[in-house]
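Written out below as structure tokens is the structure these notes cover.
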Amino acid sequence: MKNTKILLIGLFLLGAVLLTSCGAPLSGSSWPGVSSNGDAVYVAYMQHVYAIRAADGSMIWRFPEKAGRQMFFAAPVLADDQLLVGDYENVLHSLDPNSGVEKWIFTQAQADWIASPLVVGDVILAPNADHFLYALSKNGSLLWKFETGRALWAQPVSDGEFVYQASMDHKVYAINLRTGQELWSLDVGGAVIYSPTLDAEEGTLYLTTLARNLMAINTQDGSIRWQRQFEGGLWTQPALHDGRLYMGDLQGTVYAISTKDGAEIWTQKVDQPVTGKPTVLDSRVIFPTEDGSLIAMTLEGERLWSRTFEGKLYTGPVVIGDRLAVGIAGGKEFLKMVSLDGQDLWTFVPPK
Amino acid sequence: MWDALIITPFINTLLFIYNIVGQNFGIAIILFTLLIRLITHPLMVKQIKGAQAMQELQKNEKWIKIQEKYKGDREKLAQEQMALYKELGINPFASCLPTLIQLPIIFGLYQAIISALASTPLDLLRLIRHIYPGLLQVESLIPLNSRFLWMDLGQPERLFIPGLSFGIPVLVVVVVITTYVQGKLIATPSANPKDQTAAMSNMMNLYMPIFMGYLAYTLASGLALYFVASNLIGILQYAMLGKVNWGNVFPFLNKQPAPAGSGGKKSYSK
């Protein structure tokens, strides 16, 4: 009888652990968010935000020191004397970039901070999965908030006067930066996962949707300049460089597209799902793939090199001088520094 | 294999229902649970019959004598037990085998609901890959409307009442109550105080509501809704099969006038 009791309690506990772990946000939720100020690399991944020396990969600090319930994935954003990072427990943190000490927190949001905030002048624009875009002062007090129809997973962009926010509700919104009033909104026919790319000079916003569309939108009035449908699914943000957009699709094709009319300039098969925003340098473009590869090509589409990491890549590497910081999801290591030709420089190993 | 056979078809069925009921995920979960319960109904009937046969065995005089006779010899007792099973035509696995077959379906249902409620980018990417493009259109489907009544089905449920600084987990209470009531309703009273099955069943009735309540408190409310729907449909199924003991939950139903010359209570056990 006693044994039966113990067996039953054991089975319940096992079941509880199995079921709750299936529902909890684990490493599979998102990918490492990486940013840098040149000297330090800031990485948000899993239960910590890390500040790492760009020179040698040694850790400067981590936040919080002791792992808790918080999970961090959105790339930290450096704004003067503070580092802004949101977690999956509804809290936006402002940290001292030198020490990792918390300066203030914003707790009025009701859901995960999946996207990074954007700082324009003295305004912090923070999109949350609770459907709201929050505008905060530099000390974390709420200036205004703007409600959309669904969760916000994309970082907004701004030309200094208006902020452009893509939402999972299939719409893009142009909002007055100072007042939070809507200028226009446009139904783009599908949810937008990645941030739009803004060409402020031309007044054009480029974005991809889950409806497999690449769109160019006039920032003045929200009219569509052109749009182009793709065969493969799009899980990418187009990278803008010199009148061209570089991007890839989930069927393993990469494209260079004219910003004038959306016409194809060249395409190449890479046979791996291309995920995230490519990184464009002066003479090359580097595509990240879900299979964990970086594929470098000339701006005319000739392959230069490729390099495969253990894990998956969902965003392009961050350029730090003549080096690339690569955030890797689901691998043994989550941050590697490589040279511009893909050679290992260092790997970050977090202390226990 | 698991994905292709269980998860992907489950997700597509769930989302198909979601689409035809006007993109209401709460209704979709309830209808999907009903569908799965209907499909597994024959297994449930077999399970009940098997359990009933085992229950009746506890009252069998021959079995009681065998237990007495071989109480010191486990090996012989097991041999005699198997021989008695054979003689009475009882399959000892008849009650647990259908449960084992249902388990992957229940886990699949759980995983399908969790997958469909994708609340992070990578969850969504995985979900999109599960969707049959010929059946469902990703662009109109995503993101799912996870609102149902006062709940966000992707988050643990809490009801916030003006004036209260904390949320009340209403659905957790409903899960605990329905699990307890279901357990009590389907329990068959045993006359044999040494009946281990009955003792185990009593323990399950005590621990299961707490366990389910804990899950409902910590996991997405979509799952808590599934637990409630599953419990209520389960009670209905048992009631339709005439296997519900209402007197276990409503004791006043047992207070019938005793027949002359009898001091015992009347049981509603069927």
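Distance between the 7 Å Cα→Cβ label points at A:Asn218 and B:Lys69: 9.8 nm.
I need the fraction of alpha carbon pairs in chain B separated by more than 28 Å, rounded to a whole percent. Could you put the intermediate results ahead of the total?
Working: 17754 of 36315 pairs.
That fraction is 49 percent.
Its Cα gyration tensor gives segment B:1-111 an equivalent ellipsoid, and the semi-axes of that ellipsoid, as √(5λ) in whole Å with the largest first, are 44, 14, 9.
The magnitude of the dipole of segment A:230-316, with charges of +1 and -1 set on the Cβ of Lys/Arg and Asp/Glu and taken from the Cα centre, is near 180 debye. Rounded to the nearest 20, the Cβ-based charge dipole of chain B about its Cα centre (Lys and Arg +1, Asp and Glu -1) stands at 920 debye.
Size descriptors for the protein assembly as shown (Cα atoms only): Rg and Dmax, in that order, 29.8, 103 Å.
Would you kindly give the portion of the calculated P(r) for chain A that falls above 32 Å, as a percent of all Cα pairs?
Numbers: 19837 of 61776 pairs.
So the portion of pairs separated by more than 32 Å is 32 percent.
Shape analysis of segment A:110-195 based on the Cα gyration tensor places the equivalent ellipsoid semi-axes at 19, 14, 10 Å, largest first. In terms of distances greater than 32 angstrom between alpha carbons, the cross-link table entries A:Lys103/A:Lys145; B:Lys49/B:Lys71; B:Lys76/B:Lys184 yield B:Lys76/B:Lys184.
Students often get this wrong, so check it: of A:Lys66/A:Lys336; A:Lys312/A:Lys332; A:Lys138/A:Lys171, which have C-alpha atoms separated by over 18 Å?
Exceeds cut-off: A:Lys66/A:Lys336; A:Lys138/A:Lys171.
Ordering B:Ile27, B:Ile142, B:Pro121 by Cα displacement along the dipole of segment B:1-145 toward the positive end leaves B:Ile27 in first place; charges were set at the Cβ atoms of Lys, Arg (+1) and Asp, Glu (-1).
For peptide B:115-124, how many partner chain Cβ atoms fall within 10 Å of a residue's Cβ, on average? Write out the running numbers ahead of the final one.
On the way: counts 1, 0, 1, 1, 9, 12, 13, 11, 4, 6.
Mean partner-chain Cβ count within 10 Å for B:115-124: 6.
Return the tail of the calculated pair distribution for segment A:232-352, meaning the percent of Cα-Cα pairs more than 20 Å apart. Of the Cα pairs, 37 percent sit more than 20 Å apart. Within the same chain, aspartates and glutamates fewer than 8 places from B:Lys243 are excluded, and of the rest, those with a Cα less than 16 Å from its Cα are B:Glu56.
Laboratory data are not the source of any read-out in this text; all were calculated from the coordinates shown. Owing to the predicted nature of the structure, the values given are computational and were not obtained by experimental measurement. Neighbour counts run over all protein chains shown; Cβ positions are idealised from the backbone, glycine included.
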